[in-house]
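Read the figures in this text as sums done on the coordinates, not as results from a lab. Keep in mind that this is a model prediction, so the values were computed, not measured. Positions of Cβ are backbone-derived with ideal geometry, glycine not excepted, and every protein chain shown enters the neighbour counts.
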Amino acid sequence: MNYTKTITDAVNGNKEALAALYEDTQNDMYYIALKYTKNKEDAMDVVQDAYIKAWQYLPTLKDPESFRSWLSRIVANTAKNLLSKKNPTLFSQIEPEDQDDSFIYDREDENRDYQPELNYTKKETQELVREMIDSLSDEQRLCILMFYLEGQSIKDIAQSFEIPENTVKSRLNYGRKALKKKADELEQKGYKLLGISPISLLLYLLRQEKFFPEIQTVANIAKEVCKKEILNSIGEAANHVGKGVQTAAGKSAAAGAKTAAGHTFIHTALGKTLIGLLSVAIVAGGATVAVKLAGNSNNQPTEAITETVETTESTTETTEPTTENTEPKDFTEDMYPTMIAGNLTMDEFKYILSYGPKEMNDGVPTQSYAELLNYLCEPSGRNGNYIADLGNTSDWKAMYSLSDVNRLFSSFTDFRFTADNASQANAYVSGDAIIFSPATVGHMITSDITSAKYTDDELIIDFTYNYTSGGGSGSYTLYKEAVLVPNSEGLYQITDIYERSEEEEPTEAETSQTQDSQSSQSSQDSEDEVNKLYQDTINRVKAKESGFAFTTYPDSSYNGEYSYFIRDLNNDGKPELVVAARAAEGPFIVYNYRVYGYDHQGDTYTLKTISDDLSALNLLIPEDGNGLFIYNFSRGTGEENFHRATIENGSFVISSASEYTYTMGTDASNQFHSSNPSAFPD
């Protein structure tokens, strides 16, 4: 674009020139505003205000070809002002001058075209950007992005934020140190950074992420949301661009335009709907979303209902609200991402109904956060991967995406896991990973929504809760109801979940399942008896009762830790119990394990021992569901061997030949472990 000509035309009052400047720069300005604020709506507010200011002061721009740099400083300053409202101390504290903290330029940092030889997936790139950006304070983030990404000088940054240049240098130094610390943590998590400086890495990642389809989609939606107000609602302000901003009329018009843009469209129902599309675009993973702002032939908005943001006089008369139709309306699948807390899709919400709170009363789940964390994370890989599995730590604890966990939790609670409170759930946080030792969830649950009706005040969802035991030996169906009410953000959040009373008429979809549910009750009774039998066995093993204690190793070798799981190993409908005690064997910690089953006659359930006491470095759950894999490892060669174990004619049989052999640490080994997880994740 020829900025000199376009800006000359704009200064002379040509609205098409203003539109061209906006179209040419908005996506870049929105992206950097999003990185400054880390919030979609705040980024949109920043962009709107920044463009209004730019139109107002355009005649003062001495070098038209520097328009982008000049505009980016306005965006940064506007973001700083917005963040300052949330944190009044922003940039108020000047760092003490310290020779050790004097600003040092790095040649690699200065080379903004540097392209390291890295090959990250889209998911890894976005994860790394989030982790690195989140490691910076607001002050550091603004300075780092302005200096390194936008190419602003220290002098320009200091002038933009009205702070001393030494303060800018200090923020840059502290930001670099924070990024270096975060880079070290990322390398420990397994990311290969190849010795690249943290600043160069961040710049590379930001450049890559910026052009991802989903990022461009969000930016385009933001462009359409803001464009109508920026280009049309400025009204008199645009007319006064060419007449000098120092005139009273120009200042008044610009201020009025800013108020109109900032407090009218974004706060209309239409504006909120379009803002919600930003979340849809992100959830949809970059699917093409076309947005066209509605309007009539006179360019008047079709939505007439706006929120009152401020009143000009305290004596303004209150208008009686109009009576609205409160008849419940159907809540359809497309509404979930924009109206459910956490922006959950319908499938994600059904996962919450299945593995989230079993019951809730006035916003309080009957289960602990530790139990809910386990139930939502452990089965996720088998049910849609709604919580990303980040692998395992060196001591084989499981790592899950903290942001995914908190997003799903937000659908039913305001509680969020942090580094300070994760211990409540016997977990801890490192970066965007929440780490703990999950217990295996052996059963399967699905939920089917049979009815969803909403008003402005609540959303009522009726659903069937379908439980199937791990071995398929028992199943049952419950009819439940979830009540959701708007939270502080206006999104529906679960407050109550309960089993519907018997006298309530079931829906048509539920009626078809009644017979199956009744016939499966005896199976549920059987499962309860088996669980009692196995729980008694586990207690006797832990109590080291005669005939139940493990004695393969000297008593001093056992560390007192026990693990167990219940699983139908031979798919005969009768699940087995595997109990293990951890013991030291040379340099290894091994599992000394035993397999139990049961016999059933009438109402009597009798325990039976299926295997002798056996030992293995680990037991894995086969992806194909057949038996177990017994894992052994050679320190000398690094070779891993996986032997299939099954139950044949009532005996536990381990194949003498290794079914799979890999070298530890290879991609093939990692993929195998990912597909065939440990039966003892702790």
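Below are the figures for this structure:
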item: Ordering of 145-151, 666-672, 594-600 by packing [mean C-beta count within 10 Å, highest first]; result: 145-151, 594-600, 666-672
item: Efficiency of FRET between THR8 and ASN385 - r from beta-carbon atoms, R0 56 angstrom, step 0.05; result: 0.55
item: Mean Cβ count within 10 Å, highest first, over the residues of peptides 548-556, 54-62; result: 54-62, 548-556
item: Least to most buried among LYS180, LYS5 (fewest other Cβ within 10 Å first); result: LYS5, LYS180
item: Residue order, fewest to most beta carbons within 10 Å, for SER200, SER423; result: SER423, SER200
item: Approximate shape of the stretch 528-608 as ellipsoid semi-axes (Cα gyration tensor, √5λ), whole Å, largest first; result: 27, 14, 9
item: Histogram of C-alpha separations across the stretch 524-675, 5 Å bin width, %; result: 2, 8, 17, 19, 19, 16, 10, 5, 2, 1, 0
